[in-house]
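Q: Provided herewith is a single structure, encoded as structure tokens, for subsequent inquiry.
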Amino acid sequence: MLFRMPRLTMLAVAGTLAAAPAWAQERPPLPAMPSTGGVGTVPSQPAPLTEEQKVAITQAVKQTNRKVTVPPGVQAHVGAELPASMELYMLPDLALADIPEAKPYRYTVVENRVVLVDPTNMRVVEVMAK
């Protein structure tokens with residue numbers, strides 16, 4: 001009975017010879033997949049929200065009745081960077097169903113205002129009126 005061995009290619013590695021299967025050299029490497037950290041792609045410029053969308057998001061967040069603790073001294077204005085330790089929350093499904101543009105963002109509440117935040121850099125992208 002004869003056994004067929006795969007064709008081997010000899011490689012010189014630091015003065016020694018090592019055998020590598022031929023198929024290992026014939027296939028190109030797979031491209032690297034970008035990591036999104038489970039957050040998804042966040043646009044560099046936030047999608048402008050209409051006043052109706054802002055009201056809908058604010059109402060949906062208030063219906064969740066979530067108690068949010070904000071560290072002292074946090075300023076919530078567009079472009080501000082929030083502390084990394086600050087907890088952010090996913091927008092309610094009700095809001096995301098009607099406003100898919102808001103999906104990449106998370107929210108918190110500062111001074112009774114709903115604040116949309118880019119979770120990749122903790123920057124405020126929108127502050128809703130009370």
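The values are calculated or read from the model by the stated rules, or taken from the named source; none is laboratory data. Predicted model, so just to flag it, every value in this text is computed and none were measured. For neighbour counting, all protein chains shown are included, and Cβ atoms are generated from backbone atoms with ideal geometry for every residue, glycine included. Surface areas here come from the heavy atoms of the whole protein model, side chains and all, with no ligands, DNA or RNA. Shrake-Rupley method; radii C 1.70, N 1.55, O 1.52, S 1.80 Å.
Q: Which ³J(HN,Hα) values, rounded to whole Hz and listed in residue order, are derived for segment 79-90 from phi using the Karplus coefficients 6.51, -1.76 and 1.60 in 6.51 cos²θ - 1.76 cosθ + 1.60 with θ = phi - 60°, glycine and proline given as x?
A: Taking θ as phi minus 60°, the curve returns x, 5, 9, 7, x, 4, 7, 6, 7, 10, 10, 6 Hz for segment 79-90.
Q: Hey, another quick one. Which order do Thr69, Thr50 take when ranked by solvent-accessible area (1.4 Å probe, heavy atoms of all protein chains), largest first?
A: So the residues, ranked largest to smallest area, are Thr69, Thr50.
Q: For the pair Val55 and Met86, how long in nm is the line joining their label points, each one 7 Å along Cα→Cβ?
A: 2.7
Q: Given bins 10 angstrom wide, list per bin the percent of all Cα-Cα distances in segment 49-130, short to long.
A: 19, 59, 22, 1
Q: Treat each spin label as a single point 7 Å out from the Cα along the C-beta direction, and report the Thr64 to Glu111 distance in nm.
A: So the two model labels end up 2.2 nm from each other.
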